Amino acid sequence: MRANGWDIDLAAHIRRGGPVLGLCGDYQMLSRTISDPGGVEGPARTVPGLGHLDVGTVMQPQKRLARITGTHPLTGAQVTGHEIHMGLTTGADCARAWLNMGGQPKGAASADGLVQVCYVHGVLASDAFCAAYLAGLGVASTLQFEIGVDAALDALTNRLEAHLYINFLLSLAKEPTV
């Protein structure tokens, strides 16, 4: 038993056949270990993960920053996103990559397929992929993320324009002339 009760709930969810999708830091937390021998993210040490994946991560000073595109081989749906992470994750469950990004296998899955993880931020922003992924879980989706984001940004812009002196702020941002 762990000190945090939510891991017990997560383990029970997985035991009952519930799926888990982990993104970025979840990839590392769901693993067996997270090692930081060089003290990149704090004191040099190895800590246990939650152990739901047969993988481990070793932190490295190089940060991976990349915009990537690819497919979800199971459904053929197009996937886009970006990777921002530090470390190298290896282990048996990496052999069950569930994404193909730029011709490279990405992500990992548990032997029973219930736990899937990847380092791809924004993977669910593709409406087609999100609908296909959820359909694989037996959930029908009509979400329109891209339209929703545009609508939210438009509403925010309208509020800012109504309550801020935009021209004054823009004048402050201009380079002073000498």
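Kindly state, to the nearest 0.05, the FRET efficiency for L172 paired with R67, given R0 = 30 Å and r defined as their beta-carbon distance. With R0 = 30 Å, the Cβ-Cβ based efficiency is 0.45.
Within the chain, the longest segment free of exposed loop sites, counting trypsin sites (Lys or Arg not before Pro) that fall outside DSSP classes H, G, I, E and B and have at most 15 other Cβ atoms within 10 Å, spans 17-173. Of the options (i) 99, 47, 37; (ii) 61, 45, 38; (iii) 46, 34, 29, only one is Cα extents along the principal axes in Å as computed from these coordinates, and that is (ii).
Amide hydrogen proximity for H85: with H placed 1.01 Å from N in the peptide plane, the residues at 5 or more positions away or on another chain lying under 5 Å are R64. Which shape class applies to region 77-137: rounded if a/c is under 1.5, otherwise prolate when a/b exceeds b/c and oblate if not, where a ≥ b ≥ c are the square roots of the Cα gyration tensor eigenvalues? Oblate.
For the pair L164 and E146, the difference between a 0.36 nm per residue extended length and the Cα-Cα distance amounts to 3.8 nm.
The H on the amide N of I34, modeled in the peptide plane, is under 5 Å from the matching H of V47, G49, T57, each at least 5 residues off or on a different chain.
Remark: region 129-141, residue by residue, has Karplus-estimated 3J(HN,Hα) of 5, 4, 4, 5, 5, 5, 4, x, 9, x, 10, 7, 10 Hz, where x stands for each Gly or Pro and the curve is 6.51 cos²θ - 1.76 cosθ + 1.60 at θ = phi - 60°.
In order along region 21-33, phi translates into HN-Hα couplings of 10, x, 10, 6, x, 4, 3, 6, 5, 7, 7, 6, 9 Hz, rounded to whole numbers, per the Karplus curve 6.51 cos²θ - 1.76 cosθ + 1.60 with θ = phi - 60° and x for Gly and Pro. Dividing the summed helix terms, -39500 (n - 2.57) for each DSSP H run of n ≥ 4, by the number of residues in the chain produces a 222 nm estimate of -9000 deg cm²/dmol to the nearest 500. Here the extension length gained between D54 and A125 equals 22.8 nm, from 0.36 nm per residue of separation less the Cα-Cα distance.
Taking amide hydrogens as placed 1.01 Å from N in the peptide plane, the amide H of V40 sits under 5 Å from that of no residue at least 5 positions away in sequence or on another chain. Result for the chain in a Gaussian network model with C-alpha springs under 10 Å: among S31, S126, S141, the largest mean-square fluctuation is at S141. Computed from backbone phi, the HN-Hα couplings of region 80-91 come to 10, x, 9, 9, 9, 7, 10, x, 10, 10, 9, x Hz, rounded to whole numbers (Karplus: 6.51 cos²θ - 1.76 cosθ + 1.60, θ = phi - 60°; Gly and Pro given as x).
Using the Cβ-Cβ distance between A12 and D112 with R0 = 25 Å, the FRET efficiency computed as 1/(1 + (r/R0)^6) comes to roughly 0.95.
May I ask for the angle, rounded to the nearest 10°, between helix 145-163 and the longest principal axis of the chain, with both axes built from Cα atoms and the value confined to 0 to 90°? For helix 145-163, the angle is close to 40 degrees. Test of understanding: in a Gaussian network model of the chain with alpha carbons linked when under 10 Å, which of T33, T157, T90 would top the mean-square fluctuation ranking? In this elastic network of the chain, the residue with the biggest mean-square fluctuation among T33, T157, T90 is T157.
Taken together, the values in this text are just the output of simple stated rules run on the coordinates, not laboratory data. Since the model is a prediction, treat every value here as computed from it, not as a measurement. Here the Cβ is made from the backbone with ideal geometry for all residues, glycine too, and neighbour counts use every protein chain on show.
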